[in-house]
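> Mind looking over this structure? Questions follow.
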Amino acid sequence: MPEYFSQLIYESWPWYVGGPLIGLFAISVLLIERKALGVSSSFEQFCAVALPAGEKRNFILKDTWQIWFVFGIAIGGAILHLAHLDTEFVQISAGTKGILNQQGVTDFTGYVPSELYTFAVPQSIILILGGFVIGFGSRYAGGCTAGHSIMGIAQSAPSSILATAGFFAGGLISTYFIVPFILSL
Amino acid sequence: MKYVRYIFYGIVFAIILIKAEAISWFRIQEMFYFQSFHMYGVLFSAIGIALIGVQLIKVRNKSLADSKKIPLGKKELRLKANIMGGILFGLGWAVTGACPGPIYALIGLNYLPAILVLAGALTGTYVYLSVKNKLPQ
């Protein structure tokens, strides 16, 4: 087996492999299923189940394919994890590693820091609040990074360009002002 | 049996996102510190390929009957909603290091506290749906 082939299986992919595949994936789903890629509407699908029966519930529930799709995303994660094909270290730049280390991150194994992803009290509340603004914000903006930043910008939709600018503005505020505080807790 | 296909798409999408490290909190921080091209490369090349695909579909659609056209719909422009919702989303994105797809992928990868992020996201969506009509769009 050529070396690059086993690298693709056992190691993380460079951007020029992963990025184009995401684009190809989005276009394939559009061609085969006539559906635009998106993930955040799955939140609405789950919520609709909790709504009282009626017009509003039926309106949201017309697109249940997303529930199966996100179920598949979780299964995909589990498959890579069980097969040990997920990476042990994400090779981030020394600069970022230094900044995060100064802010209190010491565990750089896996995809997320164990200092933040824990069921301990302040962290749990932060994860829930972070999730809350992700849910509220993505639905308010009309989509997330998949629907707006990839599918939307690919169609040069003004709404998607604006929303993506918002994603980055919010992300910068968090990274420079909120995350350092959270990591100090 | 349609749902088997949808689950399959999810598995494929998860493998790409995870292998590209787009689900990593560390990569998201690095992106916002502008210290690596990785995430920008992922995003720009994904958009580039999707853009080419969309153009080809547009050309092909022209020669097809309306019922056979591949639906291409831009999301409607809602100035205040796009910007304010976008900023809120961004705040949560950099804190948790996860956008919606990665939340599900992280749960699958056995990072169980990501369930809290999902619970928060569902609550946030529910609250949004309840107050939707009172918000500036």
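Any read-out appearing in this document is the output of simple, stated calculations on the displayed coordinates, not a laboratory observation. Computed from a predicted structure; not experimentally measured. Ideal geometry is used to build each Cβ from the backbone, glycine not excepted, and the neighbour counts take in all protein chains shown.
> Using the membrane-span-like helix rule (whole DSSP H runs, Cα extent along the own axis of at least 15 Å, mean Kyte-Doolittle hydropathy at least -0.5), which helices of chain B qualify?
B:2-19, B:38-62, B:79-96, B:114-131
> Per 5 Å bin, what percent of the C-alpha pairs of segment B:1-85 does each bin hold, from zero upward?
So the P(r) values, bin by bin, are 3, 11, 11, 12, 18, 21, 14, 6, 3, 1.
> Can you pull the Kirkwood radius for the protein assembly as shown, inverse mean 1/r over Cα pairs, to one decimal in Å?
Roughly 19.7 Å, rounded to one decimal.
> State, as an integer percentage, the relative contact order of chain B based on alpha-carbon contacts under 8 Å between residues 6 or more apart.
Value for chain B: 29 percent.
> Note down the relative contact order for segment A:1-129 as a percent, whole number, built from C-alpha pairs under 8 angstrom at least six residues apart.
That works out to 19 percent.
> Something else: I need the calculated FRET efficiency for the pair B:S63 and A:Q91, taking r as the beta carbon distance and R₀ as 56 Å, to the nearest 0.05.
After rounding to 0.05, the efficiency reads 0.75.
> Could you list which residues have their amide H under 5 Å from that of A:G110, counting only those 5 or more apart in sequence or on another chain, with H placed in the peptide plane?
Under 5 Å from the amide H of A:G110 lie the amide H atoms of A:F89, A:V90, each far enough along the sequence or on another chain.
> Mean residue ellipticity at 222 nm from the helices of chain A, using -39,500 (n - 2.57) per DSSP H segment of n ≥ 4 over the full residue count, to the nearest 500 deg cm²/dmol?
For chain A, the value works out to -19000 deg cm²/dmol.
> What helices does chain A have that are whole DSSP H segments, at least 20 Å long along their own axis by Cα, and with mean Kyte-Doolittle hydropathy of -1.0 or more?
Span-like helices in chain A: A:15-33, A:65-82, A:121-141, A:158-173.
> Mind checking the full-extension length gain between A:V17 and A:F108? Use 0.36 nm per residue of separation minus the Cα-Cα distance, one decimal, nm.
Gain in length upon complete extension: 30.4 nm.
> Moving on. So how compact is segment A:86-185: Cα radius of gyration and Dmax in angstrom?
15.7, 43
> Moving on to the next point. From Cα coordinates alone, what are the radius of gyration and Dmax values for segment A:27-117 in angstrom?
When restricted to Cα atoms, segment A:27-117 yields Rg and Dmax of 19.2, 54 Å.
> Provide the convex hull volume over Cα atoms per residue for chain A, in Å³.
Roughly 168 Å³ of hull volume per residue.
> Hey, another quick one. Show me the ranking of peptides B:18-30, A:160-172 by mean Cβ neighbours inside 10 Å, starting with the highest.
Ranked from most to least packed, the peptides come out as B:18-30, A:160-172.
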